[in-house]
Amino acid sequence: MHEYHQESFTITKSEMLDFAKISGDYNPIHLDAQFSISQGFQDSIVYGALIISRVSGIIASKFPGPGTVIGNIDWRFIAPIYVNQILTIKLKLNSSEGIKKLLDLELLDDSGELVQRAQLIIFIGK
């Protein structure tokens, strides 16, 4: 297993609408840019759970990959993420004990600012 993984992605308005349907969360802070701006934000705020879901997909599909499940998440939301921002995820293997691994995660926005940080305990099957 590699020690480090980095990739970039965006969350689109279409993905936000799909997530609203799946989650039942229609809070206008996520779906109505004018409402979000009236609340002091720059645009609609991406669902935190959607970001966690995207990260789960990266962990299960790419790093470490198939057979991996998340056992625990300690997640910090530092700054808002907006629709269509280019985000860069950095995952680093911190420690390993058998099938149990500790991953450090940093999520940077398109200006390179840290917007989220997490530690995840994952389990990798044989």
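Kindly provide the set of residues from region 19-52 that are small (Gly, Ala, Ser) and either buried (at least 16 other Cβ atoms within 10 Å of the Cβ) or in contact (Cβ under 8 Å) with a residue 24 or more places away in the chain (or both), ordered by number. Talk me through it step by step, then tell me what you get.
Kept after step one, since they are small (Gly, Ala, Ser), are these residues of region 19-52: 20, 23-24, 33, 36, 38, 40, 44, 48-49.
Correct list: ALA20, SER23, ALA33, SER36, SER44, GLY48, ALA49.
Test ASP25 against the criterion of being farther than 19 Å from LEU114 by Cβ and in a loop (DSSP other than H, G, I, E, B), and give yes or no. Step through it out loud before you land on a result.
On the way: farther than 19 Å from LEU114 by Cβ: yes; in a loop (DSSP other than H, G, I, E, B): yes.
In short, yes.
So which residues in region 53-66 are closer than 17 Å to GLU3 by Cα and not hydroxyl-bearing (Ser, Thr, Tyr)?
Once the filter is applied, which keeps residues that are closer than 17 Å to GLU3 by Cα and not hydroxyl-bearing (Ser, Thr, Tyr), region 53-66 yields VAL55, ILE58, ILE59, ALA60, LYS62, PHE63, PRO64, GLY65, PRO66.
Looking at the structure I just gave you, is ALA60 within 15 Å of LEU105 (Cβ to Cβ) and out of contact with any Phe, Trp or Tyr (no Cβ under 7 Å at 6 or more places or on another chain)? Let's see the steps before the verdict.
Details: within 15 Å of LEU105 (Cβ to Cβ): yes; out of contact with any Phe, Trp or Tyr (no Cβ under 7 Å at 6 or more places or on another chain): yes.
Yes.
If only one of SER44, SER61 is among the hydroxyl-bearing types (Ser, Thr, Tyr) and over 13 Å from ILE124 (Cα atoms), which one is it?
Every option except SER44 fails the conditions.
In this structure, is SER56 touching an Asp or Glu at 6+ places or on another chain (Cβ under 7 Å) and assigned to a helix (DSSP H, G or I)?
no
Of the conditions (1) over 14 Å from LEU120 (Cα atoms); (2) among the aliphatic types (A, V, I, L, M); (3) without any contact (Cβ under 8 Å) to a residue 40 or more places away in the chain, LEU102 satisfies every one except a single condition; which number is it?
The single condition LEU102 does not satisfy is (1).
Within region 85-106, track down each residue that is part of a loop (DSSP other than H, G, I, E, B) and either touching a strand residue (DSSP E or B) at 6+ places or on another chain (Cβ under 8 Å) or loosely packed, with under 13 Cβ neighbours inside 10 Å (or both).
Initially, region 85-106 is screened for residues part of a loop (DSSP other than H, G, I, E, B), giving 85-86, 98-99.
Within region 85-106, ILE86, GLY98, ILE99 qualify.
From the list ILE58, ILE45, ILE73, exactly one residue is β-branched (Val, Ile, Thr) and in contact with a Pro (Cβ under 8 Å, 6 or more places away or on another chain). Which is it?
Residue meeting the stated conditions: ILE45.
Test SER95 against the stated conditions and say whether it is small (Gly, Ala, Ser), over 14 Å from the mean Cα position of the chain (by Cα) and at pLDDT 95 or above. Don't jump to the end; show me each part of the working.
Values: small (Gly, Ala, Ser): yes; over 14 Å from the mean Cα position of the chain (by Cα): yes; at pLDDT 95 or above: no.
Judged against the criteria, SER95 is not a match.
The values are calculated or read from the model by the stated rules, or taken from the named source; none is laboratory data. Here the structure is a predicted model, which is why all the values come from computation and not from measurement. For neighbour counting, all protein chains shown are included, and Cβ atoms are generated from backbone atoms with ideal geometry for every residue, glycine included.
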